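The values are calculated or read from the model by the stated rules, or taken from the named source; none is laboratory data. Since the structure is predicted, the reported quantities are computational estimates derived from the model, not experimental observations. Every residue, glycine among them, receives a Cβ derived from its backbone with ideal geometry; neighbour counts consider all protein chains shown. Surface areas here come from the heavy atoms of the whole protein model, side chains and all, with no ligands, DNA or RNA. Shrake-Rupley method; radii C 1.70, N 1.55, O 1.52, S 1.80 Å.
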Amino acid sequence: MSDARLFLALWPDEELRATLARWRDAWSWPRGAGPVADGKLHLTLHFLGAVPQDRIPELVEAFHVPFRPFAVLEPLAIPSELSELHAALAERVAALGLPLEERSYKPHVTLARRAHGALVPPPAPALAWRVHGYALVESKLTTDGSYHVLHTYGTQTVA
């Protein structure tokens, strides 16, 4: 049985996803940049890497952690609820024997890859990301690199 490439993420609703896509499309990207597809815009909580497929049911159960809904209102400040959710999930990741990222956590939404030299359009949109849950997601290593939401936690609905 093959491995699944997994991560835990905040998954934006359709309205926020459309706002993020409009913001991405307003940038001037350098040649060779790869803007992230609308359906793949998200904020990673933990990248889990390659995990045996037969462990997925165990992970689905294990990643239920206490969670308080919160709003991400500005990118310069990390809401305490986001830090708490990240820490609670880190404990579960470690308890499951999965590797934790060694770099310090810097929450962000990737708009494009290979984007050195991109020009940011003024002004940045006002974003109000009301977070009601998170998701366990599989990243398929196919030509389109599709994502498949395996499970959602909290009251989040996935678009």
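Any residue at all in region 10-32 that's in contact with a strand residue (DSSP E or B) (Cβ under 6 Å, 6 or more places away or on another chain) and exposed (fewer than 12 other Cβ atoms within 10 Å of the Cβ)? Yes, region 10-32 contains at least one residue that is in contact with a strand residue (DSSP E or B) (Cβ under 6 Å, 6 or more places away or on another chain) and exposed (fewer than 12 other Cβ atoms within 10 Å of the Cβ).
In region 79-102, the count of residues that are more than 20 Å from Thr152 (Cβ to Cβ) and open to solvent by less than 30 Å² (accessible area, probe 1.4 Å) is zero.
Counting the residues of region 1-19 that are not small (Gly, Ala, Ser) and not in a helix (DSSP H, G or I) gives 10.
Scanning region 104-145 for residues that are polar (S, T, N, Q) and either free of Cβ contacts under 8 Å to residues at least 24 places away in the same chain or part of a strand (DSSP E or B) (or both), we see that the one that is most open to solvent (accessible area, probe 1.4 Å) is Thr143.
Within region 83-118, being of a type in the set (A, V, I, L, M, F, W, C), over 21 Å from Arg17 (Cα atoms) and out of contact with any Leu (no Cβ under 8 Å at 6 or more places or on another chain) holds for Ala87, Ala88, Ala95, Leu100. Residues in region 45-66 that are at negative phi, open to solvent by less than 50 Å² (accessible area, probe 1.4 Å) and touching a residue at least 40 places away in the same chain (Cβ under 8 Å): Leu45, His46, Leu48, Val51, Ile56, Leu59, Val60, Phe63, Val65.
Out of the residues in region 33-42 meeting the condition of being of a type in the set (A, V, I, L, M, F, W, C) and surrounded by fewer than 18 Cβ atoms within 10 Å (Cβ to Cβ), tell me which one is farthest from Ala135 (Cα to Cα). Of everything passing the filter in region 33-42, Ala33 is farthest from Ala135 (Cα to Cα).
Residue-by-condition table, conditions (1) modelled with pLDDT of 95 or more; (2) among the acidic types (Asp, Glu); (3) within 16 Å of the chain's Cα centre (by Cα); (4) on the phi > 0 side of the Ramachandran plot:
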residue	(1), (2), (3), (4)
Ala9	yes, no, yes, no
Arg17	no, no, yes, no
Arg22	no, no, no, no
Leu76	no, no, no, no
Ser80	no, no, no, no
Ala90	yes, no, yes, no
Ala112	no, no, yes, no
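Is there a residue in region 63-73 that is part of a strand (DSSP E or B), touching a helix residue (DSSP H, G or I) at 6+ places or on another chain (Cβ under 6 Å) and under 18 Å from Leu111 (Cβ atoms)? So far as region 63-73 goes, no, none of its residues is part of a strand (DSSP E or B), touching a helix residue (DSSP H, G or I) at 6+ places or on another chain (Cβ under 6 Å) and under 18 Å from Leu111 (Cβ atoms).
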